[in-house]
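Single-structure report; data block below.
The values are calculated or read from the model by the stated rules, or taken from the named source; none is laboratory data. Bear in mind the structure is a predicted one, so any value in this text is a computation, not a measurement. Here Cβ is always computed from backbone atoms with ideal geometry, including for glycine, and neighbour counts include all displayed protein chains. These area figures cover heavy atoms from the full protein model, side chains too; ligands, DNA and RNA do not enter into them. Shrake-Rupley method; radii C 1.70, N 1.55, O 1.52, S 1.80 Å.
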Amino acid sequence: MYAEGERAEILDAGLVAAPVEVADALGLEAGARVVWRRRVTLRDDRPASVSASWFPAQVLDQCPRLLERQRIREGTTRYVELRTGRRPARARDVTAAREAAPEESEALGLPGRATVSEVRHVVYDSEGEALVYEVSVKPGGQVAESRAGNVEYEL
């Protein structure tokens with residue numbers, strides 16, 4: 001799941017009310033309950049990215065580990081697939097460059113007005129329902145293999 005020298009620390013995990021953006025991405029009503037996980041990925045013990053994942057709350061019956069602040073070795077989306085049988089079929093990415101929010105600058109150890117790259121990633125199951133919504137933020141200038149712009153692709 002992670003490259004050599006990389007590891008993740010789970011900063012938060014819980015059941016929260018979905019902000020409008022999250023609810024829209026997951027096809028839910030604003031304020032619906034969702035599982036939220038936030039992590040920092042470290043490369044050689046230095047922050048490389050911060051990210052958050054949201055899952056519809058109904059997966060909790062079969063996926064209780066999502067609420068734990070422990071790394072899920074197989075990855076959260078794969079864990080949900082294995083426990084629920086909902087197989088990822090396609091995804092949609094939206095990428096952007098922007099100024100870091102203060103909490104992102106702090107988590108990534110960036111100076112005041114730093115630029116970051118952001119990827120918003122939605123994975124849909126074979127029935128076309130959103131399985132997970134993720135937002136990942138990295139310091140600007142980092143090179144990573146990804147799809148640029150607004151992209152949909154089959155998995």
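Residues with beta-carbon under 15 Å from that of Arg73, excluding Arg73: net charge, scoring Lys, Arg +1 and Asp, Glu -1?
So the environment of Arg73 carries a net charge of +3.
Roughly how far apart, in whole Å, are the Cα centres of the range 1-65 and the range 89-106?
After rounding, the separation between the Cα centres reads 13 Å.
Let me know the whole percent of all Cα-Cα pairs from the range 1-58 that are separated by more than 12 Å.
66 percent
Order these peptides, 10-23, 101-114, by their mean beta-carbon neighbour count within 10 angstrom, highest first.
Those peptides, ordered most packed to least, come out 10-23, 101-114.
In debye, nearest 20, what is the charge dipole magnitude of the range 32-147 about its Cα centre with +1 on Lys and Arg Cβ and -1 on Asp and Glu Cβ, if you could check?
That gives a dipole near 160 debye.
Taking the Cα centre of the range 1-89 as origin, work out the dipole magnitude from +1 charges on Lys and Arg Cβ and -1 charges on Asp and Glu Cβ, in debye rounded to 20.
240 debye
What's the local net charge at Arg37, with K and R +1, D and E -1, over the other residues with C-beta under 11 Å away?
Charge balance in the 11 Å sphere: +2.
Can you sort Trp36, Trp54 by 1.4 Å-probe accessible area, starting with the largest?
Trp36, Trp54
Sort all Cα-Cα distances of the chain into consecutive 10 angstrom bins from zero, then give the percent of pairs in each bin up to the one containing the longest distance.
Histogramming the chain at 10 Å steps yields 11, 39, 39, 11, 0 percent.
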